Every structure is written in C-alpha cells, then in structure tokens.
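The values are calculated or read from the model by the stated rules, or taken from the named source; none is laboratory data. Please read these numbers as outputs of a predicted model, since none were measured by experiment. Here the Cβ positions follow ideal geometry from the backbone for every residue, glycine too, while neighbour counts run over all protein chains shown.
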Amino acid sequence: MDDVDRRGTFEELFAAHHWAVRGYVVRRAPAAAVEDVVAETFLVAWRRLETLRDDPLPWLLGVARRVLANQQRAERRRGALTDRLQGLLPGSSPEWEPPAAMSDELAAAMVRLSPQEREALLLVAWEGLDGARAARAAGCSPTAFRARLHRARRRVAASLADPALHPHSSVAGESS
Amino acid sequence: MITHEQVIAQLAEANPVHASQAHTAQEHAEADRILRRVLSEGPPARRGSRRSRTGVLVPVASLLVVLVVAAALLRTGGTATPAGSHPGGGLRITFRAEPSPQVPRITTAVMERTMTIMRRRLRTLGVARGFAVTRSGDRDIVVTGPRVSAAGRARLVREVGQTAQLFFYDWEANVLTPNGTTVASQLRAQDRNAMRISQGGRFGAGTQGAGGLPLYQAAQLAARQPTVPLSATQSRKGPQYYLFGAPRSAACAAAAKAAGTIPARGQHCLLGGPDSLKRDLDAGLPAGVTTSDGELVTVPQGTVVLQAANPSASDQINPASPSAQFFVLRDHVALVGNDITNPRAGTDASGEPDVTFGFNGTGQNRFDALTRRIAHRGARVSGGPGAAFDQHFAVALDNQLITVPQIDFRQYPDGVIGGGGADVTGSYTRQSAADVAAELRFGALPVNLKLLR
C-alpha cells in the first residue's frame, strides 16, 4: 500500500465506522473525554491499518474499550481522593456511570456486575452486535462471551426480581 | 421472573445514544478534527525490512507540491483583467440580460450571479486567461479578451451565453465506479471504490478526494459507455467532445504556455472541450495546436462527466488543473432547476447553517419519488448498527457538482415527503450555505442572455 492509497483506505475506514465508534465511547465516557478517546482509537487503527481484517468494527470497539480503560486508570491515579470517596459508596463503580435514562433498579443491577459481564450485556443491547462480533469486540472467544452474557443476564434478571436489592430500599436500610 | 430478552430490551431502552441520531455540526467538526489529528501523524514508522519504502515518500510529496503550485498558478491565471485592456482588435462580446418567467426583474444581485457563472464558464472552456466579464449599465454584460477567430467567438457566445440549468441526480444510482458499474450495484458487496464514492471523503460525497478521477480517466470511462436513445430525462442532447494531449507532448506544452502554467508531469492535458460541436473543438485550441495533435474522446449521449464540488467558493479548483477530479454519471436527471423555487441560505431550528428550497407541483412529486428511492436504498444496503450507509442526491450546474446531500434513511425511511420543501443541513458553514444557495438560485432562476454585438 503506498502512502496515498493508505490514506484513502484510512479515510474510508473512518467514514464507515467513525460514528459507531463515537457512539460506543459516548455511551461509556464523560463527554469531555470523547474526542480524545475516539482520536486515540483511530490513531491505533492508522498505525495498524495493514493488519485490519474484514468487518473491522468489532476490532475498533475493542481498541476503544482498551483506550477507555487506560484513560480511566490514569484518571483514577490522578484522583486518589475521589477514588476513596467512591469506595465509601456501596455499589458504585468507578468505571461505569449509568445513563440518566436508565431506571434506578436496572442501574443498581448493572453496577453490581463485573466490568466484563456489564460490557457483554451492553455490546448486545447498545451496540447491537451478535455473538461472534461481540466476542471480538470484548476480546474473548465466542464460547467465553456466551457464558459471560448468560451469567450477566441471569444476575440482572435476579436482582430486578428481588426488591431487597433495589437502591432505595437498601440505602434506607443502611442509614438506619 | 424477568426473561433474558426483557433484560436486553430494558437496557436497549436506556441507550443514551441511538445510532440513528442525527449528528450536529459540532460533532461533524469534532470528526474533522480527529481525522486531521490522526492523518497529521504521517505514515507510521516502518519496521526493519520495510524501511526502504520511505524512499517513495519523497517523490510523492514533491509531486503534490508541484500539483498544488500548478493549481495555484491556474487559479491566479483566472483573475479578470480590467476591461479595456485589449484596445482594438481584441474580443468584445456584449450580452443583455432579459427577464424570464422565473426572473421578471433584473436586479443588481441577478447581474452579479449571472457574471459569476459566466466567469466560471470561461474557466471551464480553458480560456479564462486574459478574459474579463464586466457590467455595463443596468442590464448589459461585456466579455472582453484577446483576439480570437470567428469560430472561436461563435463558440464563446454559445457556451458562455447559454441559459444555466440545474440538474438533480440520484447519486449512487447514476455515478459509475472506475470499472463502469453503478455505485449502487456494488454497495452490498462493499466494493472499495463504490464505498469511497458513496460515503465520501473528508468533505462528503461528490467533493475533491471522494473517489473522483482525473479528467482524462473520467472522459475515457465515459467514452466506454453506450449511447442511450434520447429521452426527456437527459440533460444533454448528443455527444460531448474532449481533446487531450499526451503527457510530455508539444501540444501540452503549448496549452500550458497559453494558460500561463507548467505542464503536469505524467498526465494527459486538456487541449479542448468539453464541446457539443466537433468544430468548436478546433476553435478553442491553443495557438499552434491542431486537432490532429491530440486524442479525441467522445462522451456519448446518456453519460455526463461532472467536476467534483469545490471545497468552497473561495477555493475553486480550475477544471483544467491537473488536481481537479471528476465523476462519471449516467445522465438520468430526476429534477431540473425549474422544479425548485426560492432557494435560500439560513439556519435550521437548532441554529445550524442550512439551505432551503421549495418546489412547484411536479417538482414536489419528483423530489418525493427521488428521496423515497434513495432512503429505501439506504435501508437496503446498510448492515447492522455502525454500518449505516446513507445515500445521496447530487445537484449539478454547468458540468459541476454543487452539493451532494445525504438522505438519513432512519430519520426519513420513506424519503423527504410532505410538501414542505427541502432543508439541506449539517454539512455547511454559513459561507458555504450561502454559496450553495447562490448557485441554486442561479440555476433555478435563469435569465435569458441576448447577444447584442
């Protein structure tokens, strides 16, 4: 691939997938971080252009996920105090902020999941990826992904069905 | 107990960003910043065995510089000479702007628009150097320039004085890939060229850098298309002729000299055309060049070659410039300028610059049908989330694309219908919206130009 060709290939990749990658990041990162995370993701794609396979979107989302994780780690190192404060709040997860439109019950169920389980559910529900593509985005085998997804759905369903786990009742219980 | 499907459905409902959401101008600006940021990194460092390839970079880069300089020269070459700089013997053609049914009054704005389009036509004809278009009195426009033959004068009168007409095309259904198939037919297979032409470059579909070809390659591709019997949906009757000089030929050197530029290395150059009459080719040739010095390329009836849309009114790429890019389309017009009314630049409900226009009765029906077809194709060729390939329509004036807007098939699954006119938004700055509106206005509201002398 010569340099002009390479640039063309990249511009096509960017045109085809930029909005999907941006959507993925917006759903998971604070607004102020979106531009940097998306840029970092495509920078990786630019450097690795020759190794991209067909259907690069799951791979791009996987890159975005790792960029996001790196950023959040750096963020946490910078804000150790914030980190400790967050540790005081039961059930809150420093990696994940539930969206405003999500019901409290569902949000409470989601923060209780491990990051991997949560990501499995969201790749399916928000990014609309199916098994094999979702597994590529999550960076695991399709079998492992199916297991994660199943476990996550079961745990969320169970916590939605159990009023004792709902945030309002549990907060009330602890403060008394 | 809640089922697993219900868990997914509840989560999907809380999705903070839906894939179908329209993008704001700020988001487009952000995308542009990101693309620039990544590309400014330059090519990644090559590893070990591939290091020798960096040698390629130098000639490529210097060629680009040459092209940019050549383009700049061509542009400055196009600036108008003051009127009266050709005392005696020079060319002087006077046109009078006459009211038309669509333009009952000739105002200053109408005169300005008309002169702008005449200047562009002169550039298209490759004779801009030394020519000037000036206003004389309320309604007269004078074209002056160096001495030309009688045939050359007749050609200028015909080409510069014709009534401007806007043409709307279904973009993907008509634009051709380099192998001659329509882009629409190759989208499901995600053919690389088709995707590039459909989904565009940095400035969107139909612009420079969005899969267009140099003029010679575009004309060759067009020449390979069959002649289509004349029908009411064609923009042009009969063939169109181009004359090209071979790379490094004496003819190209003469053409470059006449235009005040240097010949582009390794590229064919345009000696004459596009002309709808073969004899006009002769008349437009640079001094010392005859038709036998070049290669005649004939674009058959039913096919058009359109120049890529300019990045902006202040950044107009000369069609004869080696960096100019062109698209080849099947000449199947969906809508003409007479069908649209009152094009205006303004802002949409969210304050973004936009271009609006209305339609007459037939225009509305045609636009409904056009956008419905485009929206349906968008839904058909798009894959899962993240693979939404919005489809476009193209607006052309005088062999050049003006704008190629997309139809968001998720927002308008059955096209832009309802009789409220059209509102093109999202990809404009205030200035580019005004430019596009001005061009639409010119094409939609043509004046008749009467030759005085």
Checked region A:96-105 for anything in contact with a Leu (Cβ under 9 Å, 6 or more places away or on another chain) and either charged (D, E, K, R) or surrounded by 21 or more Cβ atoms within 10 Å (Cβ to Cβ) (or both); matches are A:Glu105
In region B:154-163, residues that are assigned to a helix (DSSP H, G or I) and buried (at least 17 other Cβ atoms within 10 Å of the Cβ) total 4
Kindly establish whether A:Leu52 is at pLDDT 85 or above and either within 30 Å of A:Arg7 (Cα to Cα) or charged (D, E, K, R) (or both).
no
Tabulated pairs, region A:109-126, first in contact (Cβ under 8 Å) with a residue 60 or more places away in the chain, second not small (Gly, Ala, Ser), C-beta under 6 angstrom, 6+ apart or interchain:
A:Leu123/A:Leu129; A:Trp126/A:Arg27; A:Trp126/B:Asn15
What pairs come out if I take residues in region A:11-33 that are under 20 Å from B:Thr207 (Cα atoms) and pair them with residues that are among the aromatic types (Phe, Trp, Tyr) and part of a helix (DSSP H, G or I) whose C-beta lies under 7 Å away, six or more apart or interchain?
A:Phe14/A:Phe42
Considering region A:96-134 alone, what residues qualify as being within 13 Å of the chain's Cα centre (by Cα), more than 8 Å from chain B (Cβ to nearest Cβ) and under 24 Å from A:His17 (Cβ atoms)?
A:Trp96, A:Pro115, A:Gln116, A:Arg118, A:Glu119, A:Ala120, A:Leu123, A:Ala134
In region B:4-22, how many are farther than 14 Å from A:Ala109 by Cβ, within 7 Å of chain A (Cβ to nearest Cβ) and not in a helix (DSSP H, G or I)?
4
Quick check, is B:Phe393 more than 30 Å from B:Leu122 (Cβ to Cβ) and either modelled with pLDDT under 80 or in contact with a helix residue (DSSP H, G or I) (Cβ under 8 Å, 6 or more places away or on another chain) (or both)?
no
Just one of (1) under 25 Å from the mean Cα position of the chain (by Cα); (2) at pLDDT below 90 trips up B:Val148, so point out which.
(1)
In region B:379-416, which residues are part of a helix (DSSP H, G or I) and either within 14 Å of chain A (Cβ to nearest Cβ) or among the aliphatic types (A, V, I, L, M) (or both)?
B:Ala379, B:Val381
Log entry, pairs with first residue in region A:53-73 being farther than 12 Å from A:Ala29 by Cβ and within 13 Å of another protein chain (Cβ to nearest Cβ), second being crowded, with 21+ Cβ neighbours inside 10 Å and acidic (Asp, Glu), beta carbons closer than 7 Å, six or more apart or on different chains, reads A:Leu61/A:Glu127
Members of region B:257-279 found to be part of a strand (DSSP E or B) and under 15 Å from B:Glu159 (Cα atoms), listed by number
B:Gly272, B:Gly273, B:Pro274, B:Asp275
Candidate set: region B:194-209, residues that are assigned to a helix (DSSP H, G or I) and in contact with a Gly (Cβ under 6 Å, 6 or more places away or on another chain); chosen: the one surrounded by the fewest Cβ atoms within 10 Å (Cβ to Cβ)
B:Arg196
Given the condition modelled with pLDDT under 90 and part of a helix (DSSP H, G or I), answer yes or no: does some residue in region B:123-144 qualify?
yes
Hydrophobic (A, V, I, L, M, F, W, C) and either in a helix (DSSP H, G or I) or in contact with a Pro (Cβ under 8 Å, 6 or more places away or on another chain) (or both) - does that describe any residue in region B:185-193?
no
Are any of the residues in region A:123-136 modelled with pLDDT under 75, surrounded by 16 or more Cβ atoms within 10 Å (Cβ to Cβ) and under 30 Å from B:Ala387 (Cβ atoms)?
no
Name the single residue, out of those in region A:35-52 being more than 7 Å from every other protein chain (Cβ to nearest Cβ) and closer than 16 Å to B:Arg36 by Cα, that is surrounded by the most Cβ atoms within 10 Å (Cβ to Cβ).
A:Thr41
Would you please name the residue that is nearest to B:Ser382 (Cα to Cα), looking only at residues in region A:9-32 that are more than 7 Å from every other protein chain (Cβ to nearest Cβ) and surrounded by fewer than 18 Cβ atoms within 10 Å (Cβ to Cβ)?
A:Thr9
Members of region B:216-256 found to be assigned to a loop (DSSP other than H, G, I, E, B), among the aliphatic types (A, V, I, L, M) and modelled with pLDDT under 90, listed by number:
B:Leu230, B:Ala232
Does B:Arg410 meet the test of being modelled with pLDDT under 70 and not β-branched (Val, Ile, Thr)?
no
Looking at B:Leu187 and the list (1) in contact (Cβ under 8 Å) with a residue 12 or more places away in the chain; (2) within 14 Å of B:Thr303 (Cα to Cα); (3) more than 17 Å from the chain's Cα centre (by Cα), which single condition is not satisfied?
(2)
Any chance region B:210-217 includes a residue that's surrounded by fewer than 21 Cβ atoms within 10 Å (Cβ to Cβ) and either among the aromatic types (Phe, Trp, Tyr) or over 30 Å from B:Ile407 (Cβ atoms) (or both)?
no
Scanning region B:364-390 for residues that are at pLDDT below 85 and buried (at least 21 other Cβ atoms within 10 Å of the Cβ) gives B:Gly386
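Each row is one residue, and each column tells you yes or no for (1) assigned to a loop (DSSP other than H, G, I, E, B); (2) more than 15 Å from A:Arg65 (Cα to Cα).
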{"residue": "A:Leu106", "(1), (2)": "no, yes"}
{"residue": "A:Leu122", "(1), (2)": "no, no"}
{"residue": "A:Leu129", "(1), (2)": "yes, no"}
{"residue": "A:Ala134", "(1), (2)": "no, no"}
{"residue": "A:Thr143", "(1), (2)": "no, yes"}
{"residue": "A:His150", "(1), (2)": "no, yes"}
{"residue": "A:Arg153", "(1), (2)": "no, yes"}
{"residue": "A:Val156", "(1), (2)": "no, yes"}
